[in-house]
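Below is one structure, written out as structure tokens; comments come after it.
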Amino acid sequence: MLAGALLLGVALVACGAPAVLTGMIRHRVEPQTALACWLAAVSTTALTAAAALVVIVLPGHGPTPLLVEALHHCWAVVRHGATPKLHVVTTLVLLVGLAVPLTRVGSELLRFSRRRQRTHRRHLALLRITAAPDDAGVATLRLPHAAPMAYSVAGSPGFVVVTDGLERALRRNEVAAVLEHERAHLRGAHHALIGLADAVARAAPRIPLLRRSPELVRTLVELAADRVAARSHGTAAVRDALLALSGHADRRAPRHALAMAEDAVDTRLHHLDTARLPAGRVRRGLTASAAGLVTTALPAVAGTGALAGFLLAVCPALVG
């Protein structure tokens, strides 16, 4: 019964979380809070599914004896043609069903990390030849190029690239807002969040929460960086810079980089027009932490509540 409730909760969160996160974006919830909810939802669905598996296979002495029994039983079936036991088959199916996507996520993250490191090394080596350090900022390289561009590249070290064309196209306060936006990506580990979102989507594309993670996370990290820049330089400067750079969207940033005006431009402009910028980093952090903690309990609470409601509705009819 408990395992069924947990699995039901996982299904409800995996299917319903994208709509909730989309609603948070539409209602202009603090992006940091929405990102915490997404991260908690993704991690807690996997952990709750694992907990349900433990409950199913737990015979009273822990899961290890049943796993050993399952392997021994499989060998007996193969060797002697015995009839497989239902609970053993169920255990193995659930183990495989959980292990395969988790293995794929790990593989995708490792592949992403290696590709990003190679791209970072090549890009940084090239920029050290063609670009000059910017005295006005830390880890900022100025590229002699006519197109107005700015983007951040994560790695060790992470850095921001700006072109000469950016200063010619934007006013000084707008350039400062763009630089702050890109540095916010580096400080917030936004590149890593996008890498995780891409990995879980490729590992289990049939699960709605995971399939839509890249789109949701890319929007949220851009909204988060916009708010950081707006708190330092004003919403008008961020909005005007975004409008100016969105007209040059054909100039794409390198792979694994985050550029100012490539994702969710219309949504971000709407947020900048109507955004409220609550002060206090501690308050925002506490709110995001609380939202993440609440989200971690959702699969268990939702599954138990749905199952209890179903039993309350069905049992009286069966008894009657």
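The values are calculated or read from the model by the stated rules, or taken from the named source; none is laboratory data. From a predicted model like this one, the values you see are computed outputs, not experimental measurements. No Cβ is skipped: glycine too gets one built from the backbone with ideal geometry, and neighbour counts run over all protein chains shown. Note: areas computed on protein heavy atoms with side chains; ligands, DNA, RNA excluded. Shrake-Rupley method; radii C 1.70, N 1.55, O 1.52, S 1.80 Å.
Listing for the model above:
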item	result
Any chance Val294 is open to solvent by 60 Å² or more (accessible area, probe 1.4 Å), at pLDDT 85 or above and either hydrophobic (A, V, I, L, M, F, W, C) or not in a helix (DSSP H, G or I) (or both)	yes
Residue count, the stretch 217-242 (criterion: of a type in the set (Gly, Ala, Ser) and within 18 Å of Met149 (Cα to Cα))	4
Residue in the stretch 21-35 that is most open to solvent (accessible area, probe 1.4 Å), counting only those that are under 24 Å from Leu8 (Cβ atoms) and in contact (Cβ under 8 Å) with a residue 40 or more places away in the chain	Thr22
Unique match (being modelled with pLDDT of 90 or more and surrounded by fewer than 20 Cβ atoms within 10 Å (Cβ to Cβ)) among Arg212, Arg114, Arg104, Arg118	Arg212
Some residue of the stretch 147-167 being crowded, with 18+ Cβ neighbours inside 10 Å, in contact with a Phe, Trp or Tyr (Cβ under 6 Å, 6 or more places away or on another chain) and either at pLDDT 90 or above or closer than 20 Å to Cys37 by Cβ (or both)	no
Boolean, Ala41 is assigned to a helix (DSSP H, G or I), touching a residue at least 24 places away in the same chain (Cβ under 8 Å), crowded, with 23+ Cβ neighbours inside 10 Å and not acidic (Asp, Glu)	yes
Whichever residue in the stretch 121-146 is modelled with pLDDT of 80 or more and in a strand (DSSP E or B) and, among such residues, is surrounded by the fewest Cβ atoms within 10 Å (Cβ to Cβ)	Leu143
